[in-house]
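A.B. asks: This is the structure I want to talk about, given as structure tokens.
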Amino acid sequence: MKAQVLQLNPILIPSVNERLAMLYDVHRLFEIEDRQAWLDAHGAGIGAVITGGHTGVSTAMLQKMPALKVVAINGVGTDAVDLAYCRARGLPVTATLGALTEDVADLAIGLLIAACRNLCAGDRFVREGHWPAHPQPSAIPLARRFSGMRVGIVGMGRVGRAVAQRATAFGCTIGYTDLQRMDDVPHRFVPGLIDLAREVDALVLCAAADKAEGIVNAAVLDALGPRGFLVNVARGRLVDEAALSRVVAAGGIAGAALDVFVDEPNVPLELRESDRTTLQAHRASATWETRADMAEMVLDSLAQAFSGDRPAMSLTT
Ligand code: 8YV
């Protein structure tokens, strides 16, 4: 009999879905209408859960699956799984560490350039046919130069370092904040987020959310000021979104480029209506290459767990 796998989110790589279906009895919870009833009836037989980084899995759900051998996060964020609970239960939780670093850093830089250079407004101007009616160069306001900016990175982990590397290639100077100074990072450590915000042109959020909820608050945005940009490719919860909405609407910062939000897929109206925002639908790791690499790591974790080995990417066992 095949082992039973519960998949909580779609995987977009067809060859991986084929292999999953070949190897396991896969239940796609996202296609099931009455999920509670399904879990009550079938949870006891499930041996592995596959979930997303930001969607995770609730402890209540895990409690309905006593035979679980692994929770495989198809992502890098572990903030939506109770790791302490899993550790106490001896349940491996794996993540696709390292697989999406380059993509997320690429998008951070892409978003920052898009925000500085008003790329989305420029695209709309041409697409909507305004150019012939306004041929003067002044029809689109001048943008801001990205090269050479002072960039502040919040969270100097894998993604933060990859953003720093890219920004350095653009001649930017880098400052960073984190829970502590990193000895192997050549950039300037600024312990306080408000101080960092005050001295940079752009703040790029790359931190894990578990210890940093709401850290980008009204005071930080005020310190960033009307010439500052905010980029978030980490978690929406790092930001006080109500404060950000107010600050953006009042022109208190130059721009916000956001891939993540507090209550996805719901994005506050003020952020959607503002010319100062550049928005994406949590897509930083969504390339064929990265999603294929991530899915391979998930397949490896399942294979290791079902063969009785400790999954190499386990964070809890
Ligand atoms: C993904 C993420 O969107 O890795 C994470 O923590 O938030 C994202 O890269 C998600 O995990 C895809 O399943």
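The values are calculated or read from the model by the stated rules, or taken from the named source; none is laboratory data. It should be emphasised that the depicted structure is a prediction, and the values quoted were computed from it without experimental measurement. Backbone-built Cβ (ideal geometry, glycine too); neighbour counts: all protein chains shown.
A.B. asks: Would you please list the contacts, defined by Cβ atoms under 9 Å and residues six or more apart or on different chains, that run from a residue in region 279-300 that is farther than 18 Å from residue 93 by Cβ to a residue that is basic (Lys, Arg) and loosely packed, with under 15 Cβ neighbours inside 10 Å?
C.D. replies: Here the result reads 279/272, each pair linking region 279-300 to a residue that is basic (Lys, Arg) and loosely packed, with under 15 Cβ neighbours inside 10 Å.
A.B. asks: In the list 56, 90, which residue meets the criterion of being on the phi > 0 side of the Ramachandran plot, free of Cβ contacts under 8 Å to residues at least 60 places away in the same chain and small (Gly, Ala, Ser)?
C.D. replies: On the way: 90 fails: free of Cβ contacts under 8 Å to residues at least 60 places away in the same chain.
Being on the phi > 0 side of the Ramachandran plot, free of Cβ contacts under 8 Å to residues at least 60 places away in the same chain and small (Gly, Ala, Ser) holds for just one of 56, 90, which is 56.
A.B. asks: Just the residues that are within 16 Å of the ligand (Cβ to nearest atom) and among the aliphatic types (A, V, I, L, M), please, taken from region 44-69.
C.D. replies: Selection gives 48, 49, 50, 57.
A.B. asks: Further, regarding this structure: List the pairs whose first member sits in region 1-20 and is closer than 14 Å to residue 296 by Cβ, whose second member is polar (S, T, N, Q) and surrounded by fewer than 19 Cβ atoms within 10 Å (Cβ to Cβ), and whose Cβ atoms are under 9 Å apart, counting only residues at least 6 apart or on separate chains?
C.D. replies: Matching pairs, first to second residue: 11/17.
A.B. asks: Quick check on residue 238: is it of a type outside the set (Asp, Glu), assigned by TED's automatic domain parsing to the domain that holds residue 26, within 16 Å of the ligand (Cβ to nearest atom) and in contact (Cβ under 8 Å) with a residue 60 or more places away in the chain?
C.D. replies: Numbers: of a type outside the set (Asp, Glu): yes; assigned by TED's automatic domain parsing to the domain that holds residue 26: no; within 16 Å of the ligand (Cβ to nearest atom): yes; in contact (Cβ under 8 Å) with a residue 60 or more places away in the chain: yes.
Taking the combined requirement at face value, the residue does not satisfy it.
A.B. asks: Which residue pairs have Cβ atoms closer than 7 Å, lie 6 or more positions apart in sequence or on different chains, and pair a first residue in region 151-175 that is surrounded by 19 or more Cβ atoms within 10 Å (Cβ to Cβ) with a second residue that is of a type outside the set (Phe, Trp, Tyr) and modelled with pLDDT under 95?
C.D. replies: Taking only residues 6 or more apart or on different chains, the pairs are 155/208.
A.B. asks: Scan region 265-289 for residues that are among the aliphatic types (A, V, I, L, M), assigned to a helix (DSSP H, G or I) and surrounded by 12 or more Cβ atoms within 10 Å (Cβ to Cβ) and jot them down.
C.D. replies: So in region 265-289, the residues among the aliphatic types (A, V, I, L, M) come out as 267, 269, 271, 279, 281, 284, 286.
So of that shortlist, the ones also assigned to a helix (DSSP H, G or I) come out as 269, 271.
271 - this is the single residue of region 265-289 that is among the aliphatic types (A, V, I, L, M), assigned to a helix (DSSP H, G or I) and surrounded by 12 or more Cβ atoms within 10 Å (Cβ to Cβ).
A.B. asks: How many residues, within region 80-132, are within 25 Å of residue 8 (Cα to Cα), surrounded by fewer than 19 Cβ atoms within 10 Å (Cβ to Cβ) and either among the small types (Gly, Ala, Ser) or within 10 Å of the ligand (Cβ to nearest atom) (or both)?
C.D. replies: Number satisfying all stated conditions: 6.
A.B. asks: Is there a residue being surrounded by fewer than 19 Cβ atoms within 10 Å (Cβ to Cβ), within 16 Å of the ligand (Cβ to nearest atom) and assigned by TED's automatic domain parsing to the domain that holds residue 215 anywhere in region 294-313?
C.D. replies: So far as region 294-313 goes, no, none of its residues is surrounded by fewer than 19 Cβ atoms within 10 Å (Cβ to Cβ), within 16 Å of the ligand (Cβ to nearest atom) and assigned by TED's automatic domain parsing to the domain that holds residue 215.
A.B. asks: Please work out if residue 247 is closer than 19 Å to residue 76 by Cβ, touching a residue at least 12 places away in the same chain (Cβ under 8 Å) and among the β-branched types (Val, Ile, Thr). Give the steps one after another, and end with the answer.
C.D. replies: On the way: closer than 19 Å to residue 76 by Cβ: no; touching a residue at least 12 places away in the same chain (Cβ under 8 Å): yes; among the β-branched types (Val, Ile, Thr): yes.
Against the criterion (closer than 19 Å to residue 76 by Cβ, touching a residue at least 12 places away in the same chain (Cβ under 8 Å) and among the β-branched types (Val, Ile, Thr)), residue 247 does not qualify.
A.B. asks: Considering each residue of region 264-290, count those that are of a type in the set (Lys, Arg) and within 11 Å of the ligand (Cβ to nearest atom), and give that number.
C.D. replies: Taking region 264-290 as the starting set, the residues that turn out to be of a type in the set (Lys, Arg) are 272, 276, 283.
Still in the running and within 11 Å of the ligand (Cβ to nearest atom): 283.
Summing the residues that are of a type in the set (Lys, Arg) and within 11 Å of the ligand (Cβ to nearest atom) in region 264-290 gives 1.
A.B. asks: Based on what the data block shows, is residue 145 loosely packed, with under 15 Cβ neighbours inside 10 Å, under 30 Å from residue 182 (Cα atoms) and away from the ligand (no atom under 16 Å from the Cβ)? Spell out how you get there, then give the answer.
C.D. replies: Numbers: loosely packed, with under 15 Cβ neighbours inside 10 Å: yes; under 30 Å from residue 182 (Cα atoms): yes; away from the ligand (no atom under 16 Å from the Cβ): yes.
Against the criterion (loosely packed, with under 15 Cβ neighbours inside 10 Å, under 30 Å from residue 182 (Cα atoms) and away from the ligand (no atom under 16 Å from the Cβ)), residue 145 qualifies.
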